[in-house]
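First comes the structure, then the notes that go with it.
The values are calculated or read from the model by the stated rules, or taken from the named source; none is laboratory data. Quick caveat: nothing in here was measured; it's all calculated off a predicted structure. So basically every Cβ, Gly included, is an ideal-geometry build from the backbone, and we count neighbours across all protein chains shown.
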Amino acid sequence: MGAAKLFQTTPRILSGPGTLAELGSEAKRLGASRLLLVSDPGLVEAGLVERAKAVVEEAGLSVELFTDVSADPPYEIAEAAAAKAKEVQAELVVGLGGGSSIDVAKIAAVLATNPGPVSKYFGVELIPGPGLPTIMVPTTAGTGSEVTPIAILSDEGEQLKKGVVSSYLFPAVAILDPELTLSLPPQVTAATGMDALIHAVEAFTSVKATDMTDLLAMRAMELIFSNIRTAFANGADLAARERMLEGSMLAGMAFANAGVTAVHAFAYPIGAQFHIPHGVANSIMLVPVMRFNMLGNLEKFAVMAEIFGEPTEGLSLREAAEAAVDALYTLSRDLSIPEHLREFGVEEEHIPQLAEGVMKVTRLLANNPRVLTLADAERIYREAL
C-alpha cells in the first residue's frame, strides 16, 4: 500500500465582486461578536480597512484594529498582533490584505489560544491545538494564503524567512472580492501575480503533485497566464482582476497540498537579507531554477508550454519544455519585473552564504523535481546576478 494522499483546503469560499459585504454575516455564522481585524498602513490609507470595519459594525459586531503589518513581517509583529487579540478578547481574527497581513492574522489567531513564542512552531504540524477562527480577505492576487495552512515570517536575527505549517492555520472562510484589488499599482499587480503563477508552476512540477493538485495548478496557470498582462496594463479591468484572484486561490490550493519547490527556496534568503519583495525575488529566480529543473520532468514542462499558448507541434519534448521556460521569461519582461539580483545590491561575494541559506530550506527542496547541490545553488544564483 502506498502513502495516503491528503487534500485539505479552506472549507468555505465566497467569491465575486462585492462579496466584502458578507464579512459581518460570515463572522456571525461563526458565532463571534468581538473581532480583531489585521491589516497594514497602506490599506488604512486606501480606505479599505474603514470599509471592512463598517461592514462588520453594520452587522452589530464590535471590531478592533491591528494595522502595523509590514512587508516580510518579522515574527515579533505576529506576536504583537496576538497580544492585541488577547487584550481585546477577540473571538475571531480577520486578515485583510496581501500575504503578509493574512499570515500575521493566522499566527495571531493560533497564538491567542496556544502558548508562545512563535519560534517554537517554525516547522510542520508543531502547533498543539486550534486557534481562534479566521476569515481571510485577500487584496492581492498573489500568495493564495487564504486557502493554505502556511504562514511565512521573517527571522531578522538569522536573516531567513521561516514557515509555520499546520492544519490549524487553515482559515474558516475566504472572501475573494476582486473590487478590493482594483487599486493595486501595476508593479504590485505584476509581482504578486507572478508569485501566484509560480505557486502553480511549482505545485505542478513538485514530486508531491497528485491528479487533484495538477488539475488545480493547470487551471491556475491558464487563468493567471492569460490575464496577468491585462491586469498589469489596465488595472481597472474587473474581469481580469476576478480571474487573477481565482487563479491565485487555485494555485494556493495546489501548492498547499503539493508544496512549492526550489524557486521559493532561492527567494527566501535574498528576500530576508536584501528585502527584495517576495514576488520579485521569486520572479528573478524563476527562469534560472526552471532551466535547471526542466530535466527532472520534461513531460510536465512540455504541458506547461501548451498551457502558455506556445506552438509545440513538431517540437521535441526537450524543445517544448524549453518553450515553457522562454514563455515565462517573456512574461516577466512584459511585466517590467527586475531581472537581476545586482539591482538589489547582491554581489558575487554574497553568493556562498546565500547558497548555504537555500540548502537549509529542506522542506521545499524535498519537493524539487531535480536534486540540488550546494554547487548547483551557487551556479543558479550567479546566473541570476
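Would you check if residue 297 is surrounded by 15 or more Cβ atoms within 10 Å (Cβ to Cβ), within 23 Å of the chain's Cα centre (by Cα) and either β-branched (Val, Ile, Thr) or farther than 24 Å from residue 275 by Cα (or both)? No, not satisfied. In segment 169-192, the qualifying residues are those that are of a type in the set (Gly, Ala, Ser) and either farther than 21 Å from residue 20 by Cα or modelled with pLDDT under 95 (or both), and the one that is surrounded by the fewest Cβ atoms within 10 Å (Cβ to Cβ) is 183.
Any residue at all in segment 315-333 that is out of contact with any strand residue (DSSP E or B) (no Cβ under 8 Å at 6 or more places or on another chain), under 24 Å from residue 196 (Cα atoms) and of a type in the set (Asp, Glu)? Yes - at least one qualifying residue is present in segment 315-333.
One residue stands out in segment 321-358 among those that are of a type in the set (Ser, Thr, Tyr) and under 21 Å from the mean Cα position of the chain (by Cα): the one that is surrounded by the fewest Cβ atoms within 10 Å (Cβ to Cβ), namely 336.
Residue 277: of a type outside the set (Asp, Glu), crowded, with 17+ Cβ neighbours inside 10 Å and modelled with pLDDT under 95, yes or no? Yes. On the basis of being surrounded by fewer than 21 Cβ atoms within 10 Å (Cβ to Cβ) and part of a helix (DSSP H, G or I), does residue 370 make the cut? Taking the combined requirement at face value, the residue does not satisfy it. For segment 85-103, the set of residues classified as surrounded by 24 or more Cβ atoms within 10 Å (Cβ to Cβ) and within 15 Å of residue 67 (Cα to Cα) consists of 85, 93, 94, 95, 96, 97, 98, 99, 100, 101, 102, 103, listed by residue number.
Remark: residue 287 matches the filter, which requires a residue to be under 25 Å from the mean Cα position of the chain (by Cα) and outside any loop (DSSP other than H, G, I, E, B). Comparison of 72, 68 shows that the only residue that is charged (D, E, K, R), out of contact with any Gly (no Cβ under 9 Å at 6 or more places or on another chain) and closer than 26 Å to residue 161 by Cα is 68. Listed by first and then second residue, the pairs with beta-carbon distance under 6 Å, at least 6 apart or on different chains, first residue in segment 331-358 and of a type in the set (Lys, Arg), second in a loop (DSSP other than H, G, I, E, B) and surrounded by 13 or more Cβ atoms within 10 Å (Cβ to Cβ), are 342/385. Selection of segment 133-162 for residues being surrounded by 24 or more Cβ atoms within 10 Å (Cβ to Cβ) and part of a loop (DSSP other than H, G, I, E, B) yields 139, 140, 141, 142, 143, 144, 148. The set of residues in segment 109-148 that are out of contact with any Gly (no Cβ under 8 Å at 6 or more places or on another chain), under 26 Å from residue 49 (Cα atoms) and small (Gly, Ala, Ser) contains only 131. So is residue 35 under 26 Å from residue 192 (Cα atoms), touching a residue at least 12 places away in the same chain (Cβ under 8 Å) and outside any helix (DSSP H, G or I) or not? Spelling it out, it is not the case that residue 35 is under 26 Å from residue 192 (Cα atoms), touching a residue at least 12 places away in the same chain (Cβ under 8 Å) and outside any helix (DSSP H, G or I). Residues satisfying the criterion are absent from segment 150-168 (criterion: assigned by TED's automatic domain parsing to the domain that holds residue 24, over 19 Å from the mean Cα position of the chain (by Cα) and at pLDDT 95 or above). Find the residue count for segment 169-210, including only residues that are under 16 Å from the mean Cα position of the chain (by Cα) and more than 27 Å from residue 229 (Cα to Cα). Number of matching residues: 3.
Among the residues of segment 64-84, those identified as among the aliphatic types (A, V, I, L, M), touching a Ser or Thr at 6+ places or on another chain (Cβ under 9 Å) and over 16 Å from residue 48 (Cβ atoms) are 71, 77. Here segment 315-349 is the region considered, the condition is being among the hydroxyl-bearing types (Ser, Thr, Tyr) and outside any loop (DSSP other than H, G, I, E, B), and the residue that is farthest from residue 381 (Cα to Cα) is 330.
Counting residues in segment 49-64 that are buried (at least 23 other Cβ atoms within 10 Å of the Cβ) and at positive phi gives zero. In the set (1) without any contact (Cβ under 8 Å) to a residue 40 or more places away in the chain; (2) outside any loop (DSSP other than H, G, I, E, B); (3) surrounded by 12 or more Cβ atoms within 10 Å (Cβ to Cβ), residue 312 fails one condition alone, (2).
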